[in-house]
Amino acid sequence: MPQKNKTLGEFIIENQEEFRYSSGELSRLINSIRLAAKVVNHEVNKAGLVDILGTAGDTNIQGEDQQKLDIYANNAFIRTLTNREIVCGIASEEEDDFITIKGRNEQHDNKYVVLIDPLDGSSNIDVNVSVGTIFSVYRRITPSGTPVTLEDFLQPGNKQVAAGYIIYGTSTMLVYSTGHGVNGFTLNPAIGTFYLSHPNMKFPKDGTIYSVNEGNYVHFPQGIKDYIKYCQEEEGDRPYTSRYIGSLVSDLHRNMIKGGIYIYPNTAKNPKGKLRLLYECNPMAFVIEQAGGMASDGFTKILDIKPTELHQRIPFICGSLNMVLKAKQFMQNV
Ligand code: AHG
Ligand code: MN
Ligand code: MN
């Protein structure tokens, strides 16, 4: 069990040999995410003070309003991950296509691709509710020395070498996994240092919270409707409590600490679901499974799905193991 009170910097150095490919590059990559997290945290925290609120008057490829902070966070992460001779490509929810990054001497020999949702829950910015960042890291599969291709980004989630999220909440936390459990670090804003505050995080096997946007209820698949009715029935530890913030990062973070299930099913408006497989579901599924929870589209493990496109959407059911198993039963019994 990792010791509390150590800094993220110390933790990264001490655990470097646990990384699947321990050349130090993945450590440096996590370090650059740590830096970008602090930069974005600073900006998010002063959002109410300066003229930064509101939409930037542009839409992303998925037709959604881009918030100013979406763009700021996107640029901050791309800037920080570039020019460190580690990352050969970045795909972001806010970019139409992936970005190719050259390494030393203009060569295409960097190893890792990073996929990010730079600002998750951005509709919550204007109302001072927690937002987050989600990131996912893979080793490239095309040969070193050649430019990255789409194939490098369309790997199934079970090939991730690291994934995690940052939550800009009542305190700012970075929670991540490199495939050896999940650890959470809390930022001390006074000195700009992340400390290990939540070592070896575990998703409770059971829970009493269900998180779903019930405004869409009439458009849900029958299995999800039936499961929601089950959550609301009076029996044993039910009815469960309904908690829905509308920031995936915040809803999942709470459920991971308290025990619960998060559901974003396919609906009439979003027939394939709303959440993005590559930027949101895969990295969250990696963290959830590393913490002993489960993530599924109702039928298949999220991490086993072979992506077909960058901005692919997928129904997402995840959280406490026994709750997700139950929801899957309802899905599969219709
Ligand atoms: P993003 O801000 O990156 O576009 O993500 C928003 C996502 C997710 O964070 C959240 O759980 C979900 O959209 C909320 O959707 P609804 O408003 O449809 O419930
Ligand atoms: Mn998001
Ligand atoms: Mn986003």
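Taking all protein chains as they are arranged and a probe of 1.4 Å, the heavy atoms of MET323 leave approximately 10 Å² accessible to solvent.
Coupling constants for region 164-174 follow from the phi torsions by the Karplus curve (6.51 cos²θ - 1.76 cosθ + 1.60, θ = phi - 60°), and in residue order they are x, 8, 10, 10, 9, x, 4, 10, 9, 10, 10 Hz; glycine and proline get x. Pairs spanning more than 32 Å between alpha-carbon atoms, out of LYS102/LYS205; LYS229/LYS272; LYS46/LYS301; LYS205/LYS306: LYS102/LYS205; LYS46/LYS301. The protection proxy used here, the mean number of other Cβ atoms lying within 10 Å of each residue, ranks peptides 71-77, 8-14, 243-249, 162-168 as follows, highest first: 162-168, 71-77, 243-249, 8-14. Rounded to the nearest Hz, the phi-derived 3J(HN,Hα) couplings of region 235-252 under the Karplus curve 6.51 cos²θ - 1.76 cosθ + 1.60 (θ = phi - 60°) are 6, x, 8, 9, x, 6, 8, 9, 9, 9, 8, x, 10, 3, 4, 5, 4, 6, where x marks glycine and proline.
Whole number please: convex hull volume per residue of the Cα set in region 8-198, in Å³?
Value for region 8-198: 123 Å³ per residue.
Less than 5 angstrom separates the built amide H of GLY184 from those of SER197, HIS198, ASN200, MET201, all sequence-distant by 5 or more or on a different chain.
To the nearest 10, the accessible area of SER171 is 50 Å² with a 1.4 Å probe.
If R0 is 56 Å, what FRET efficiency do you get for ASP206 and ARG84 from their C-beta distance, rounded to 0.05? The pair ASP206/ARG84 has a calculated efficiency of 0.85. Protein heavy-atom accessible surface, 1.4 Å probe, per residue over the chain: 42 Å².
Per-residue ellipticity at 222 nm from helix content only, as computed over the chain with -39500 (n - 2.57) for each DSSP H run of at least four residues, stands at -8000 deg cm²/dmol.
Overall, the chain carries a charge dipole of about 660 debye about its Cα centre when +1 sits on the Cβ of Lys and Arg and -1 on the Cβ of Asp and Glu, all other atoms neutral.
Of the trypsin sites (Lys or Arg not before Pro) found in region 118-172, no site is in coil according to DSSP while having at most 14 other Cβ atoms within 10 Å of its Cβ.
How fast does the chain diffuse by Stokes-Einstein, in µm²/s, taking the Kirkwood radius from C-alpha pairs at 20 °C and 1.002 mPa s?
Stokes-Einstein gives a translational diffusion coefficient of 106 µm²/s.
Extension gain, HIS219-SER144: 0.36 nm per intervening residue step, less the Cα-Cα distance, totals 22.4 nm. You can think of it this way: the chain between GLU151 and LYS306 has 54.7 nm of extra reach, that is 0.36 nm per residue less the Cα-Cα gap. Which far-off residues, 5 or more places away or on another chain, put their amide H under 5 Å from the one on GLN312, with H placed in the peptide plane? Residues meeting the criterion, in which the H sits 1.01 Å from N, are LEU277, LEU278.
Computed 3J(HN,Hα) for region 266-282, one whole-Hz value per residue from the Karplus formula 6.51 cos²θ - 1.76 cosθ + 1.60 where θ = phi - 60°, is 6, 9, 4, 6, 10, x, 9, x, 10, 6, 8, 4, 7, 9, 10, 6, 4, glycine and proline marked x.
The values are calculated or read from the model by the stated rules, or taken from the named source; none is laboratory data. The model shown is predicted, which means the values in this text are computed figures rather than measured ones. Neighbour counts run over all protein chains shown; Cβ positions are idealised from the backbone, glycine included. We work out accessible area using only protein heavy atoms, side chains counted, and drop any ligands, DNA or RNA first. Shrake-Rupley method; radii C 1.70, N 1.55, O 1.52, S 1.80 Å.
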